[in-house]
Structure formats: C-alpha cells, structure tokens
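Before any comments, here is the structure.
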Amino acid sequence: MKLLEYEGKDIFAAYKIPIQRRYGVIRIGDSAENVKLDGNGPWVVKAQVLTGGRGKAGGVKIARTKEEAHTYIKNMLGMKIVTHQTHGAALTVEEVLVEAACAPEREIYISVVLDRKEAAPMIIASAEGGMSIEELARTRPECIIRMPVDLDAGLPDFQARELAFALKIPKKNFCDFTALAKALARVFLDYDASLVEINPLAITSDGELVAVDAKIVTDDNALFRHKDLEAKPDHESSEIEKEAKAVGINYIGLDGSIGCMVNGAGLAMATLDTVRLAGGSAANFLDVGGGANVEQITKAFQIILKDAKVKAVLVNIFGGIMKCDNIANGIVEATKKARLQVPLIVRLEGTNVKEGKAILKDSGLKLEQADSLWEAAQKAVKAAN
Amino acid sequence: MSILLNKDSKILVHGMTGAQGSFHSRLCLEYGCNIVAGMTPGKGGTRHFDIPVFNTVKEAVRETGADTSLIFVPPPFAADSILEAAEAGIKLIICITEGIPVLDMARVKKRLRFLELEGRGVTLVGPNCPGVITPGECKAGIMPGYIHKKGHVGIVSRSGTLTYEAVWQLTSQGLGQSTVVGIGGDPVQGMNFVDVLKMFEADQDTSAVVMIGEIGGSAEEDAARFIKARMTKPVFSFIAGRTAPPGRRMGHAGAIVEGASGTHASKVEALENAGVTVVENLSLMGETVAAGLKPKAKAGKKS
C-alpha cells in the first residue's frame with residue numbers, strides 16, 4: 001500500500017522525525033478559505049498524488065501571500081498531473097497539503113528499502129539529495145551509501161554515527177540526524193514497509209533538520225496486523241481494481257483493448273506479453289486464482305467488461321487441479337450471466353481438455369477456441385481490430 | 001537420480017487437516033508420495049487419511065523419521081511453521097503458502113543462516129510456490145501430477161501455472177522432466193535460481209534445464225552469471241512480464257519493476273550473453289527445447 005505524503009508525515013511525527021509546520025490538508029469540495037494561515041509565510045502548497053516529479057508538473061507551489069496560497073489551493077484541487085512516472089496517465093489531485101515553506105541549504109537523500117538479496121532492510125543515503133535515487137545511481141553511484149539494518153535491533157547507535165559522518169552532517173544537527181536515522185529504520189520495521197523515503201531531508205538556512213517529503217510503501221501481505229493502515233483509503237488502485245480486490249480477483253487496468261482472464265500470475269503476465277507479440281495490447285492483467293469456479297469466472301467477466309475499451313476477451317486457463325470440463329461449464333454459465341457482447345476467445349489446456357472443448361463447442365455460444373496461447377492471442381487481436 | 005525429492009522422501013504435511021492441506025495431501029498420496037505424518041497443533045493423536053497427526057514437528061520427526069516438510073499453513077502462521085520444521089531437524093522444507101509478510105520471511109532467512117553456521121543447515125523451497133515434483137517418484141506440492149513425465153529436463157520457475165504450461169509443452173514433445181522446482185514469486189525466498197541450477201548441473205539424470213523467470217529483482221541476472229561461469233548443460237529460458245507497467249505489483253509480490261532494476265530487457269540480455277536460449281513466444285517453449293536438444297542427441301549416438 002502506498003501512502004500519501006501527509007499520511008507518511010503523520011507517521012514521521014509520531015516517531016519524532018521533524019517535519020514542517022502543517023496548516024492543513026484540504027480535500028476536493030472543501031473551501032480553500034478555511035485554511036488558517038497565520039504567520040508571515042511563505043507557505044508551500046503540495047498536491048497529494050502518488051508519483052514523483054510532481055513539482056515539475058505544477059504540483060508544488062510556494063505562496064508568498066495568503067491570497068496566493070488560497071489561489072494555489074483552489075487551482076490545484078481537481079488538477080490533472082502527468083509526470084515521467086505516471087506513464088502517460090493523468091492523476092487527479094484530490095487532496096492538497098499546506099505547510100510552512102522551508103529554505104533548504106543542503107538536501108540529503110535517505111531511505112530504507114528491503115534488500116532482496118540480503119533479505120534484510122538497508123539504509124540507502126546520499127549527501128546529494130533532491131534528485132531521484134535512480135538517477136543518482138546511474139550518474140554518480142559512488143555517492144550512494146548503504147548500511148544494513150538489523151531486523152530486530154534496528155539501526156544501532158554506532159551505525160547511525162557512521163552514517164552521519166559519511167554524510168558529513170554538521171555538528172549542530174548530528175544528534176538530531178542519528179535519532180532520525182534510527183527512527184526511520186524503526187518506522188520501516190514497525191509498519192512492515194517495503195520503502196520509507198525522505199527526499200529531500202533538508203538542513204535549512206536556520207540550521208534545522210527537516211523531512212521535506214515522505215514516501216512510505218507498505219507490504220500488502222502484512223496488512224492483517226496493521227488495522228490502522230487497512231482502514232486507510234487505497235489511493236493507488238482505480239475503481240475497477242478496488243472492486244476486483246473486494247471479490248478476491250487480482251486485476252490491474254492497462255491501456256489496450258483485449259480483456260484477459262488467466263489463472264495464475266505468471267501465466268497472466270505471459271498472456272499479456274503474447275498478446276503484444278501478436279500485435280495487440282491487453283486491457284488488463286487479471287488472475288482469477290487457482291480454483292477458477294463459476295462464481296469467480298462470472299465476477300472476472302463482469303470486472304473485465306466494466307472497462308469500455310475492451311473489444312474482445314481472451315480467456316487462457318491451464319486446468320490443473322481444476323479440470324477443463326468444469327472450467328468450460330463455468331465459462332458457459334458465466335458468459336450468459338455477464339451478458340457478454342464482445343467476441344470471446346478461449347484457450348483451455350490441461351486435464352479433460354477434450355471434454356472441455358466439446359462443452360464450449362456444443363454450448364451454442366459465439367466463441368472461438370484456440371489450441372495454443374499464441375493462436376488465441378492472434379485470434380483475439382484480429383477480433384479486437 | 002533427481003534433485004531434492006525422490007521415492008524415499010518422508011513427507012510431513014503442516015496443516016494436513018485444513019481444507020487446502022487435506023485436498024492437496026490426497027492428490028499427493030494418489031500420486032504415490034510417501035506422506036508419513038501430518039502436523040496440526042491440537043489434533044495430535046488423531047489420524048487423517050490413516051496417517052498419524054502430531055501436535056508438533058519434533059514429535060512427528062521422532063515418531064516417523066520425517067525428513068521433508070510440506071507447508072499449507074495460513075500466511076500469518078507460515079513463517080513460524082518453517083522455523084518449527086527447521087529447528088526440529090527437517091532437511092527440506094517446501095512452503096506453498098502465498099501471502100506471507102516479507103519481513104517474516106526475512107526473519108526466517110536470518111534464522112536459517114544462523115542454523116547453517118551451526119551446522120544445522122536446511123533447504124527451503126518457496127514460499128508462494130507450487131512445490132517440487134520428481135515425476136514418477138514423488139510429488140510434494142499443488143501441481144497437477146499427470147502433466148509430468150519422467151525424463152531428463154530439469155525445470156526451475158518463479159511461477160505456478162506458467163510452469164505447468166512449460167511442463168505440458170515439454171511432455172507433449174515427448175520430453176520428460178528430472179525434477180521440477182517452483183521457487184516461488186516472493187521477493188524473499190528460500191532457494192533461488194542459482195541454488196537449483198547448481199543441483200541440476202551436478203545431477204547425472206538432468207541433461208538440460210528450463211528456467212522460467214519474471215520481472216522484478218535480480219535473480220535471473222545472478223543466474224546468468226552462474227550459467228556463464230559454471231553451467232555445461234544447455235539452459236532454455238522464458239521471462240514473463242515484458243509488457244508489465246513499471247511500479248505495479250503483477251500478482252506476485254516479487255514481480256515489480258522498481259526504477260531501472262528488474263526489467264525484462266536486462267534479464268533477457270544477461271541470459272542471452274550467458275548463452276541461454278531465451279524463448280520470446282511462450283507457445284514455442286516445447287518446440288524450442290526439443291529442437292535445441294536434437295543435435296546433441298544425434299552427436300551422442302555417433303560417438
């Protein structure tokens with residue numbers, strides 16, 4: 001689960017990681033005038049969207065006056081944001097965060113990630129903050145510091161000091177920094193995170209250490225022990241994706257025209273790849289799960305058909321434990337229930353495949369069958385065009 | 001010969017009395033797998049499929065000599081189940097459970113490393129995997145047994161149904177398998193590609209290997225380095241997720257492209273550089289392997 005900046009900063013605040021003073025979070029429909037802006041400013045208005053690079057896309061504005069701040073809030077709410085990380089899609093700004101602007105004198109990068117190879121959390125830091133870590137890794141890999149975090153002990157003092165020395169943290173901020181690094185490791189462990197990132201961590205002209213941004217991604221598999229996270233709205237998934245999740249179907253919307261229904265994540269990915277190889281493009285990734293029964297298949301059809309871009313549906317099921325004749329009966333019944341209007345291409349393989357194919361053939365339904373995934377993909381591309 | 005499992009493996013099923021455990025234990029038994037014990041806390045002393053059920057792994061090992069664990073325990077308790085098996089002296093642990101928190105698995109790995117230093121090392125396969133099968137001898141997992149055929153191609157894969165697809169294509173081409181190992185789709189797992197490739201390279205009964213990977217992580221790149229340096233047997237590969245959008249988790253927790261790492265392109269490039277035949281069109285996997293192995297067979301006959 002990906003948290004918005006202000007949600008991440010709420011967690012930071014609880015762990016005494018310094019953040020800027022907050023004036024409010026304003027949602028679509030709220031009045032911008034309701035935000036109490038005291039002091040002399042400047043203030044910063046930030047679009048709460050799950051993407052990097054929002055500053056360049058107009059999602060971060062510094063306001064010198066209160067009027068300016070209110071205007072930015074009004075303009076930003078409902079705005080569409082497209083960045084290099086959204087892959088052409090536009091994200092709608094539904095919430096903005098208003099904070100006291102800060103003047104960074106130095107920007108540092110610090111994050112905790114899961115190192116898959118070491119099977120342990122790892123602090124990644126660099127004295128060169130501000131830019132994306134991917135870019136830094138590409139251009140100046142020698143500037144990146146790595147430090148393992150113990151799964152139980154977290155980050156011990158000596159490691160936090162080593163890190164502070166390596167980043168050339170000034171004496172004035174030294175103790176604040178070591179406390180921050182330890183707290184960051186603790187957040188990662190306590191929240192079952194896969195990423196906790198501050199970019200940038202600023203040392204301001206006033207000599208204060210401040211987390212200017214917050215990015216937290218948590219492990220969906222661990223949600224059962226984080227009731228507070230489970231209760232938060234899912235900002236990443238689309239409406240269709242949320243509906244699919246609610247009925248236990250793994251669905252990710254894509255931009256093509258061929259709806260895909262597959263059992264198993266790996267085979268589902270391979271199906272999308274094969275559709276592309278055949279010259280088409282998939283409208284979705286959909287894994288109906290191992291036990292593809294009538295209800296699951298019906299729900300899957302209904303979800304695929306919610307996407308108006310779908311011009312044909314490709315079903316690719318490898319009947320292992322679930323036998324092909326049962327799956328075929330499921331497809332016939334589900335097709336009727338879901339009132340399928342677009343061309344349907346079915347590729348069944350596995351146990352009782354002959355019986356399964358015969359059931360589909362004799363069902364009277366308008367559908368095409370294929371023996372291989374490749375043949376199915378070609379037929380689907382033809383039908384969708 | 002085969003790797004990991006054979007007809008003498010003595011299997012203990014964790015969670016055998018549960019719905020999943022019970023269903024799949026029955027299919028494993030029908031395949032001829034030697035399940036010697038079940039383990040469900042609180043059900044010790046009962047019998048299931050006429051097999052004794054124990055409260056703890058320790059008891060099961062003591063009473064039956066079980067050496068292999070097959071785990072069907074729900075995600076919140078699965079990591080603990082792996083540790084229980086490891087501490088009780090089980091040598092091979094196969095964890096089917098999908099959805100175990102990553103940090104739980106990281107803690108399991110930490111403990112297993114410690115046990116290894118103490119000389120009590122264990123082999124873990126999974127989690128989130130279909131299991132292991134040595135066709136004709138032993139099936140410890142949820143794969144459909146009948147699609148397999150005894151033979152000499154070793155298969156290692158991060159995915160379930162994708163493996164069945166590859167197995168089925170090979171079997172349809174008349175190519176049998178020595179052992180098929182599903183290492184699972186999680187970011188932190190037991191055996192990785194290199195661990196399994198090493199075993200296949202050393203196994204006299206395996207003459208070629210099919211490796212099925214997917215986007216995310218760097219296990220395929222590591223495998224490529226190993227293949228280039230050490231493998232003498234031909235390796236064929238398919239990598240799923242060429243068209244997956246970056247940053248999204250594609251069903252498997254480990255199948256996510258983060259930044260520049262874990263991409264389809266980098267994996268294919270690394271494997272091709274290592275001399276691996278990478279199949280672009282999954283439907284051609286069986287044919288490609290069959291064609292690739294033919295000249296060798298002929299050469300073998302001549303000499």
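Scan (1) within 27 Å of A:Gln20 (Cα to Cα); (2) assigned by TED's automatic domain parsing to the domain that holds A:Lys66 for the single condition A:Ala90 breaks and write down its number.
(1)
Name the residue that is farthest from the other protein chains (Cβ to nearest Cβ), counting only residues in the stretch B:149-165 that are out of contact with any Gly (no Cβ under 6 Å at 6 or more places or on another chain) and modelled with pLDDT of 95 or more.
Step by step, filter the stretch B:149-165, then rank; the result is B:His152.
Is there a residue being touching a helix residue (DSSP H, G or I) at 6+ places or on another chain (Cβ under 9 Å), in a loop (DSSP other than H, G, I, E, B) and more than 14 Å from every other protein chain (Cβ to nearest Cβ) anywhere in the stretch A:216-228?
Looking through the stretch A:216-228, none of the residues is touching a helix residue (DSSP H, G or I) at 6+ places or on another chain (Cβ under 9 Å), in a loop (DSSP other than H, G, I, E, B) and more than 14 Å from every other protein chain (Cβ to nearest Cβ).
From the set of residues in the stretch A:119-141 that are touching a helix residue (DSSP H, G or I) at 6+ places or on another chain (Cβ under 9 Å) and modelled with pLDDT of 90 or more, which is farthest from the other protein chains (Cβ to nearest Cβ)?
A:Ala127
How many residues, within the stretch A:40-89, are open to solvent by 20 Å² or more (accessible area, probe 1.4 Å), over 24 Å from A:Ile216 (Cβ atoms) and in contact with a strand residue (DSSP E or B) (Cβ under 7 Å, 6 or more places away or on another chain)?
Adding up the residues that qualify gives 6.
Would you please name the residue that is farthest from A:Arg106 (Cα to Cα), looking only at residues in the stretch A:123-151 that are without any contact (Cβ under 8 Å) to a residue 24 or more places away in the chain and exposed (fewer than 15 other Cβ atoms within 10 Å of the Cβ)?
A:Arg138
Please go through the stretch A:1-44 and pick out each residue that is among the charged types (D, E, K, R) and in contact (Cβ under 8 Å) with a residue 60 or more places away in the chain. Reasoning before the result, please.
Step one: list which residues in the stretch A:1-44 are among the charged types (D, E, K, R), which gives A:2, A:5, A:7, A:9-10, A:16, A:21-22, A:27, A:30, A:33, A:36, A:38.
Matches in the stretch A:1-44: A:Lys2, A:Glu5, A:Glu7, A:Lys9, A:Lys16, A:Arg21, A:Arg22, A:Arg27.
Starting from the stretch A:158-169, keep only residues that are in contact (Cβ under 8 Å) with a residue 40 or more places away in the chain, then list their pairs with residues that are aliphatic (A, V, I, L, M) and open to solvent by less than 10 Å² (accessible area, probe 1.4 Å) whose Cβ atoms are within a distance under 7 Å, requiring at least 6 positions of separation or different chains.
A:Leu163/A:Ile123; A:Leu163/A:Ala125; A:Leu163/A:Ala181; A:Leu167/A:Ile108; A:Leu167/A:Ala125
If we keep just the residues of the stretch A:167-201 that are more than 28 Å from A:Val60 (Cβ to Cβ) and more than 14 Å from chain B (Cβ to nearest Cβ), which is nearest to the chain's Cα centre (by Cα)?
The residue in question is A:Lys182.
Would you pick out the residues in the stretch A:283-295 that are more than 7 Å from every other protein chain (Cβ to nearest Cβ) and either free of Cβ contacts under 8 Å to residues at least 12 places away in the same chain or more than 16 Å from A:Leu340 (Cβ to Cβ) (or both)?
Our first condition is that a residue be more than 7 Å from every other protein chain (Cβ to nearest Cβ); within the stretch A:283-295, this holds for A:283-284, A:286, A:288-295.
Scanning the stretch A:283-295 gives A:Gly289, A:Gly290, A:Gly291, A:Ala292, A:Asn293, A:Glu295.
For the structure I just gave you, tell me whether A:Ile26 is part of a helix (DSSP H, G or I), open to solvent by less than 20 Å² (accessible area, probe 1.4 Å) and either in contact with a Phe, Trp or Tyr (Cβ under 9 Å, 6 or more places away or on another chain) or aliphatic (A, V, I, L, M) (or both).
On the way: part of a helix (DSSP H, G or I): no; open to solvent by less than 20 Å² (accessible area, probe 1.4 Å): yes; either in contact with a Phe, Trp or Tyr (Cβ under 9 Å, 6 or more places away or on another chain) or aliphatic (A, V, I, L, M) (or both): yes.
In short, no.
State all residues of the stretch A:307-328 that are assigned to a helix (DSSP H, G or I) and either within 14 Å of chain B (Cβ to nearest Cβ) or at pLDDT below 90 (or both); if no residue qualifies, say none.
Of the residues in the stretch A:307-328, the ones assigned to a helix (DSSP H, G or I) are A:324-328.
Once the filter is applied, which keeps residues that are assigned to a helix (DSSP H, G or I) and either within 14 Å of chain B (Cβ to nearest Cβ) or at pLDDT below 90 (or both), the stretch A:307-328 yields A:Cys324, A:Asp325, A:Asn326, A:Ile327.
Across the stretch B:122-137, what is the total count of residues that are outside any strand (DSSP E or B), buried (at least 24 other Cβ atoms within 10 Å of the Cβ) and either acidic (Asp, Glu) or within 12 Å of chain A (Cβ to nearest Cβ) (or both)?
First, pick out the residues of the stretch B:122-137 that are outside any strand (DSSP E or B): B:122, B:126-130, B:135-137.
Subset that is buried (at least 24 other Cβ atoms within 10 Å of the Cβ): B:126-130.
Filter once more, keeping what is either acidic (Asp, Glu) or within 12 Å of chain A (Cβ to nearest Cβ) (or both): B:127-130.
Residues meeting the conditions: 4.
Among the residues of the stretch A:334-385 satisfying the criterion of being hydrophobic (A, V, I, L, M, F, W, C), in a helix (DSSP H, G or I) and open to solvent by 10 Å² or more (accessible area, probe 1.4 Å), which is nearest to the other protein chains (Cβ to nearest Cβ)?
Within the stretch A:334-385, the first condition is being hydrophobic (A, V, I, L, M, F, W, C), and the residues that meet it are A:334, A:338, A:340, A:342, A:344-346, A:348, A:353, A:358-360, A:365, A:367, A:370, A:373-374, A:376-377, A:380-381, A:383-384.
After this cut, where a residue has to be in a helix (DSSP H, G or I) as well, the list is A:334, A:353, A:358-360, A:373-374, A:376-377, A:380-381, A:383-384.
Filter once more, keeping what is open to solvent by 10 Å² or more (accessible area, probe 1.4 Å): A:353, A:358-359, A:374, A:381, A:383-384.
Values: A:Val353: 10, A:Ala358: 19, A:Ile359: 19, A:Trp374: 4, A:Val381: 13, A:Ala383: 18, A:Ala384: 15 Å.
In this case the residue turns out to be A:Trp374.
Output the residues belonging to the stretch B:229-265 that are more than 10 Å from chain A (Cβ to nearest Cβ), at pLDDT below 95 and buried (at least 18 other Cβ atoms within 10 Å of the Cβ). Explain how you work it out, then say what you get.
Of all residues in the stretch B:229-265, those more than 10 Å from chain A (Cβ to nearest Cβ) come to B:229-237, B:257, B:263, B:265.
Restricting the remaining residues to those that are at pLDDT below 95 gives B:257, B:263, B:265.
Scanning the stretch B:229-265 gives B:Val257, B:Thr263.
With respect to the numbered conditions (1) open to solvent by less than 10 Å² (accessible area, probe 1.4 Å); (2) assigned to a helix (DSSP H, G or I); (3) touching a helix residue (DSSP H, G or I) at 6+ places or on another chain (Cβ under 7 Å), which one is the sole condition not fulfilled by A:Glu33?
Single failed check for A:Glu33: (1).
If the requirement is being part of a helix (DSSP H, G or I), at pLDDT 95 or above and touching a strand residue (DSSP E or B) at 6+ places or on another chain (Cβ under 6 Å), which of these qualifies: B:Ala85, B:Ala79, B:Ala37, B:Ala66? So that I can check it myself, show each step before the final result.
On the way: B:Ala79 fails: touching a strand residue (DSSP E or B) at 6+ places or on another chain (Cβ under 6 Å); B:Ala37 fails: part of a helix (DSSP H, G or I); B:Ala66 fails: part of a helix (DSSP H, G or I).
Of B:Ala85, B:Ala79, B:Ala37, B:Ala66, the one residue that is part of a helix (DSSP H, G or I), at pLDDT 95 or above and touching a strand residue (DSSP E or B) at 6+ places or on another chain (Cβ under 6 Å) is B:Ala85.
Tell me which residues, restricted to the stretch A:153-184, are closer than 18 Å to A:Ile133 by Cα and open to solvent by less than 10 Å² (accessible area, probe 1.4 Å). Even if it seems obvious, please write down each step before you answer.
Step one: of the stretch A:153-184, the residues closer than 18 Å to A:Ile133 by Cα are A:163, A:166-167, A:181, A:184.
Those that are closer than 18 Å to A:Ile133 by Cα and open to solvent by less than 10 Å² (accessible area, probe 1.4 Å): A:Leu163, A:Leu167, A:Ala181, A:Leu184.
Among the residues of the stretch A:255-275 satisfying the criterion of being in contact (Cβ under 8 Å) with a residue 60 or more places away in the chain and crowded, with 24+ Cβ neighbours inside 10 Å, which is farthest from the other protein chains (Cβ to nearest Cβ)?
A:Gly259
Take A:Tyr251 and tell me if it is open to solvent by less than 60 Å² (accessible area, probe 1.4 Å), under 19 Å from the mean Cα position of the chain (by Cα), within 26 Å of A:Lys46 (Cβ to Cβ) and of a type in the set (Phe, Trp, Tyr). Give the derivation first.
Details: open to solvent by less than 60 Å² (accessible area, probe 1.4 Å): yes; under 19 Å from the mean Cα position of the chain (by Cα): yes; within 26 Å of A:Lys46 (Cβ to Cβ): no; of a type in the set (Phe, Trp, Tyr): yes.
For A:Tyr251, the condition - open to solvent by less than 60 Å² (accessible area, probe 1.4 Å), under 19 Å from the mean Cα position of the chain (by Cα), within 26 Å of A:Lys46 (Cβ to Cβ) and of a type in the set (Phe, Trp, Tyr) - is not met.
The values are calculated or read from the model by the stated rules, or taken from the named source; none is laboratory data. All values derive from a computational prediction rather than experimental measurement. In this analysis, Cβ positions are derived from the backbone assuming ideal geometry, glycine residues included, and neighbour counts consider all displayed protein chains. The accessibility values were calculated without ligands, DNA or RNA, using every heavy atom of the protein model including side chains. Shrake-Rupley method; radii C 1.70, N 1.55, O 1.52, S 1.80 Å.
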